[in-house]
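A.B. asks: Structure in structure tokens, see below.
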Amino acid sequence: MVDCMFCKIASKELASEVVAESDSVIAFRDINPAGPVHVLVVPKRHVSSAADLSSEDGDVLAEMFATMSSIATTEGLERGYRIVTNVGPDAGQSVHHLHFHLIGGRSMAWPPG
Ligand code: 5GP
Ligand code: ZN
């Protein structure tokens, strides 16, 4: 999609620190990390948010979760981590291309702010 920052990162038009990649998924470090580890896991195909997923997206979602599990191991997050996706203004979604935040390396409060 034109002018979508994460589409541009997925196509390498914009630089990022990539930690994992396949034909359909890319994972890269968040530019403003909320913890010692903060990776964004993104489908290369443009999907605006989790609200726009359908049952046809099952394969890419499974791959995204498998990617996060693998990154958690690589990053040494054996004490745990959090997976978050924000949808819409109340949740504070600022980039309108689906992404899972994988955050770890510190203890976290619940509920989130
Ligand atoms: P949201 O607020 O939509 O849930 O999350 C968007 C995330 O994207 C934020 O954590 C923000 O720091 C990150 N972000 C925004 N622009 C860029 C960028 O150009 N590069 C990278 N690596 N992360 C970005
Ligand atoms: Zn996009």
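A.B. asks: What longest range of the chain stays clear of loop-exposed GluC sites (Glu not before Pro) (DSSP non-H/G/I/E/B, at most 15 other C-beta within 10 angstrom)? Could you put the intermediate results ahead of the total?
C.D. replies: Working: sites that count: GLU13, GLU17, GLU78.
Looking at the chain, 18-77 is the longest stretch - no exposed GluC sites (Glu not before Pro) with at most 15 other Cβ atoms within 10 Å.
A.B. asks: To the nearest 500 deg cm²/dmol, what mean residue ellipticity at 222 nm is calculated for the chain from DSSP H runs of n ≥ 4 alone, each contributing -39,500 (n - 2.57), summed and divided by the residues? Don't skip to the end; give the middle numbers.
C.D. replies: Working: 3 runs with 27 residues, N = 113.
Estimated from H runs of four or more residues: -6500 deg cm²/dmol.
A.B. asks: Report the gain in length on full extension from ASP23 to GLU75: 0.36 nm times residue separation, minus Cα-Cα distance, nm rounded to one decimal.
C.D. replies: Working: separation 52, 0.36 × 52 = 18.72 nm, distance 2.20 nm.
Additional length available on full extension: 16.5 nm.
A.B. asks: Going by amide H atoms built from the backbone, whose H comes under 5 Å of the H on VAL25, apart from near neighbours?
C.D. replies: For VAL25, the qualifying residues are LYS44.
A.B. asks: Which of the trypsin sites (Lys or Arg not before Pro) found in the stretch 1-65 are in a DSSP loop and have at most 13 neighbouring Cβ atoms, other than their own, within 10 Å? The partial results should precede the final answer.
C.D. replies: Details: sites: LYS8, LYS12, ARG29, LYS44, ARG45; in loops: LYS12, LYS44, ARG45.
Of the trypsin sites (Lys or Arg not before Pro), the ones in loops of the stretch 1-65 whose Cβ has at most 13 other Cβ atoms within 10 Å are LYS12.
A.B. asks: Could you work out the relative contact order of the chain? I mean the mean sequence separation of Cα pairs under 8 Å and 6+ apart, divided by the number of residues, in percent.
C.D. replies: Values: 158 pairs, mean separation 34.1, N = 113.
With pairs under 8 Å counted, the relative contact order is 30 percent.
A.B. asks: Roughly what angle does helix 58-74 make with the longest principal axis of the chain, taking Cα atoms, 0 to 90 degrees, to the nearest 10?
C.D. replies: The two axes meet at around 40 degrees.
A.B. asks: Take the Cα atoms of the chain, build their convex hull, and give its volume per residue in Å³.
C.D. replies: Details: hull volume 12.5 nm³, N = 113.
Residue-normalised Cα hull volume stands at 111 Å³.
A.B. asks: Multiply the residue separation of SER94 and TRP110 by 0.36 nm, subtract the distance between their alpha-carbon atoms, and state the gained length in nm to one decimal.
C.D. replies: Values: separation 16, 0.36 × 16 = 5.76 nm, distance 2.16 nm.
Here the answer is 3.6 nm.
Bear in mind that the values in this text are calculations on the coordinates, not laboratory data. Quick caveat: nothing in here was measured; it's all calculated off a predicted structure. FYI the Cβ positions are ideal-geometry reconstructions off the backbone, even for glycines, and counts take in every protein chain you see.
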